[in-house]
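*Asks:* Sharing a structure here in structure tokens format.
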Amino acid sequence: MSENLFLRAVKGEKATVVVLRGKNLTTVPSLVRKLCHLKTLDLMSNKISKLCPEFFSLTKLRKLNLGNNQLEEVPEELMFLKNLEILHLFENLIKSFSPKSFDGLENLNILNLNHNKLKTIPPEINRLQNLKSLSLNNNQLTDIPKELCSLACLSEIQLNYNQIVSIPEEFKSMKNLRKLSLARNLIDVFPMVLCSLRNLKTLDIAGNFIQMLPKNIWWMGLGEFYCEENPFLKRLPIFVEQKEEVLPLKEIAARYIMNQISEEDPLYQRYVTRYPEILEILANDRECVSCGKCILSSGIDCVIFISPMKCHRHLKDLFSPVDPRSVFDLKLCMAKVSTHIRIRWTLSMPCSK
């Protein structure tokens, strides 16, 4: 039956693509030996438990999909696929690797072994020197071999839903790694070696047992960081370091201006009357928890220092009429500062309807 299905799928011996998904195939037909031009072979969702020896003839094969079958080990026949770039072996029953399975896969870029029963990764994985993406989600791995760290081209590693407890120090040599997923493992201490990976942009450590994060993590330049469901997000701080309060320049300027208004400074009173809408804004002042005086800490747009000589020249511009239908500016020029500096404070708020 499998031979007949293959004959229907193959249109001549020069076929480059064969797709036979969900056909209940138990073996790969020996007819495959005639397909020396084949580049893509998709046998996903069958019942294949082993590969036929005739696989040696598929020297031009670039993509092989054996996902959702019944393989119990990574087949030795893969060693003949010298040009294979993409290999899918997800959702099988794989517990081990054939000793020679990686021997001829020097051009492999993507390896997907998700949803299997692997407990270890063999040292021979270091033969995959062109591997760029490795997916080993939902296995039973407890550690990561140092040989994996010798794969200089690796840019993505997926190790979610395993039993990994630590990361080897050799990880620091993986300079091209951009994405690392370690979600739902058994890691209880953040791997400090990850802080040395300057090209790492996505890190997923969600669902582990990490108690705290190192300060160095903020220097890593991560674009995406997933860390939910870790103990450090649930713990209360043990102590709070109390430091002397340092007020920003904007806050100091706001306090000064509000204090001048509260003391009925004639300069401020004269210009405030020109803009009735300002009175409503100033009514939102608050009491400073530090000194008890009035402050207006929200909506400050800018604080600019200007010389006293330039101040008088800009007064006309500062208090020119503004269209009430658009955004209006409250511009107050401080006249009672020193003879060397004056402060221009601009508050921008949308006009109420």
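The values are calculated or read from the model by the stated rules, or taken from the named source; none is laboratory data. All values derive from a computational prediction rather than experimental measurement. Neighbour counts are summed over all protein chains in view; Cβ atoms, including those assigned to glycine, are modelled from backbone coordinates with ideal geometry. Remember, those area values only see protein heavy atoms, side chains included, never the ligands or the DNA or RNA. Shrake-Rupley method; radii C 1.70, N 1.55, O 1.52, S 1.80 Å.
*Asks:* Could you check how many residues of region 48-97 are aliphatic (A, V, I, L, M) and open to solvent by 60 Å² or more (accessible area, probe 1.4 Å)?
*Replies:* Total satisfying the criteria: 1.
*Asks:* Follow-up. For the condition within 31 Å of the chain's Cα centre (by Cα) and farther than 28 Å from residue 205 by Cα, what is the one hit in 85, 147, 76? If you could, list the steps in order and put the result at the bottom.
*Replies:* Details: 147 fails: farther than 28 Å from residue 205 by Cα; 76 fails: within 31 Å of the chain's Cα centre (by Cα).
So the residue among 85, 147, 76 that is within 31 Å of the chain's Cα centre (by Cα) and farther than 28 Å from residue 205 by Cα is 85.
*Asks:* Test residue 100 against the criterion of being part of a loop (DSSP other than H, G, I, E, B) and farther than 16 Å from residue 186 by Cβ, and give yes or no. Full working, then the answer.
*Replies:* On the way: part of a loop (DSSP other than H, G, I, E, B): yes; farther than 16 Å from residue 186 by Cβ: yes.
Criteria met by residue 100.
*Asks:* Filter region 98-118 down to the residues that are open to solvent by less than 10 Å² (accessible area, probe 1.4 Å) and of a type in the set (A, V, I, L, M) and list them by number.
*Replies:* 105, 108, 111, 113, 118
*Asks:* For the condition touching a Leu at 6+ places or on another chain (Cβ under 7 Å), closer than 19 Å to residue 126 by Cβ and either assigned to a loop (DSSP other than H, G, I, E, B) or basic (Lys, Arg) (or both), what is the one hit in 84, 93, 71, 61?
*Replies:* From the options 84, 93, 71, 61, the qualifying one is 84.
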